[in-house]
Each structure stands twice: as C-alpha cells, then as structure tokens.
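Each reported figure results from applying straightforward, stated rules to the coordinates on display, with no laboratory input. Quick caveat: nothing in here was measured; it's all calculated off a predicted structure. We place every Cβ from the backbone using ideal geometry, glycine too, and count neighbours over all the protein chains shown.
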Amino acid sequence: MEIVPISSAELPIVSALSRKIWPICYKDIISEEQIDYMLNKMYALEALQDNVQKGHRFALIHTGVEAMGFCSFEVHFPDPGISKLHKLYVLPNQHHQGMGSALLSYAVQEAKKNQCHTIFLQVNKKNPAIAFYQKNGFMIKEEAVFDIGQGFVMDDFIMHMSW
C-alpha cells in the first residue's frame, strides 16, 4: 500500500473512483437521484479543480499500479489549528483491508505537520462509516443539516478528533 499526494492533473482518477464507490456505498443511505446530483456537483472535474484552488489536498492509495481510494483534506480550515477531512473513500471490494485507516492516518499526520490540533469531518447520520471514525478516535460533536440544492439535504454528524 502506498499513499501518494496528487496534483490537479490526476483529479480525473478521483472523479472516476467516486463514480465507482458512491452508487454502492450510498445506495441504502440516500436516493439514486441524490447520489447522481452530488456526484455531478462535487466530483465533476471542475468541482475538484476548484477544491484544489481553495486549498484542498488530495491523495490516492495504491496497491501496485491501481488506485483503490482517495482522501482530501484542508489544513487551517476554517480556522488556524483546525483541519477538515473533506473526503475519504475506498473501493467497496477493498474495505476492511486497512486502506481507510491508512488514508485517515495520512490526513491526521498532515494536519499535525501543519501545527493543527483538531481534525473534523461530516458524515451522513445513516453511514456505517461512523463506527470506523469512532474506532479511529473521532467523537460526534453535533448534528447539522445542509441544503445542497435541488431539494436535497445532507443530514450529517460533525465528528472531531483532537490531540
């Protein structure tokens, strides 16, 4: 397993992975229409490039040649000393092999290298990944509902980990 930071030129890999992962991982959580809407809104190449311009850092996890997952995070967001984990996904057929934990550890280490003391994330309240984050030291701090347009909302927990 190797985690590699990527440049904007490699963002099409992230977009392609998201289209393999989301329909499987979210099929029992949100509607197919919302999955399509969010993929087109958040994982279109232009949206990912905009993320990079705003300071998001992306990394891929590889086993051999093929990318199996990705993460993105932002340091000193929204305030100095705080990082946000924006995205962390692994192909469903690769779950429970340590890749998600490796990506999470990578994002935390990058936050620490940048003098951050806290990292937080948003996760759908029905997402089984909540247990993964709790096992890795995150705690639910609050609930939040975000209007994302077209009549769709993200009904999330905000989870934090500090050191």
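Magnitude of the charge dipole for the chain, about its Cα centre and with charges confined to Cβ atoms of Lys, Arg (+1) and Asp, Glu (-1), is about 400 debye. Here the relative contact order of the stretch 26-163, from alpha carbon pairs under 8 Å that lie six or more residues apart, stands at 17 percent.
Qualifying trypsin sites (Lys or Arg not before Pro) in the stretch 14-72, where qualification requires a DSSP coil assignment and no more than 12 other C-beta atoms within 10 Å, comprise LYS27, LYS54. Per-residue packing, averaged as other Cβ atoms within 10 Å, sorts the ranges 140-147, 67-74 into the order 67-74, 140-147, beginning with the highest. Inter-label distance, LYS141 to THR63: 3.4 nm, where each label sits 7 Å from its Cα along the C-beta direction.
Give the residues of the stretch 40-64 whose amide nitrogen is closer than 11 Å to a point set 7 Å from the Cα of GLN115 in the direction of its Cβ. Output list for this probe position: empty. Here the label points at VAL153 and LYS20, each 7 Å from Cα along the C-beta direction, are separated by 3.4 nm in the simple model. Can you give the Kirkwood hydrodynamic radius for the chain, in Å, rounded to one decimal and based on Cα pairs? Result for the chain stands at 16.1 Å.
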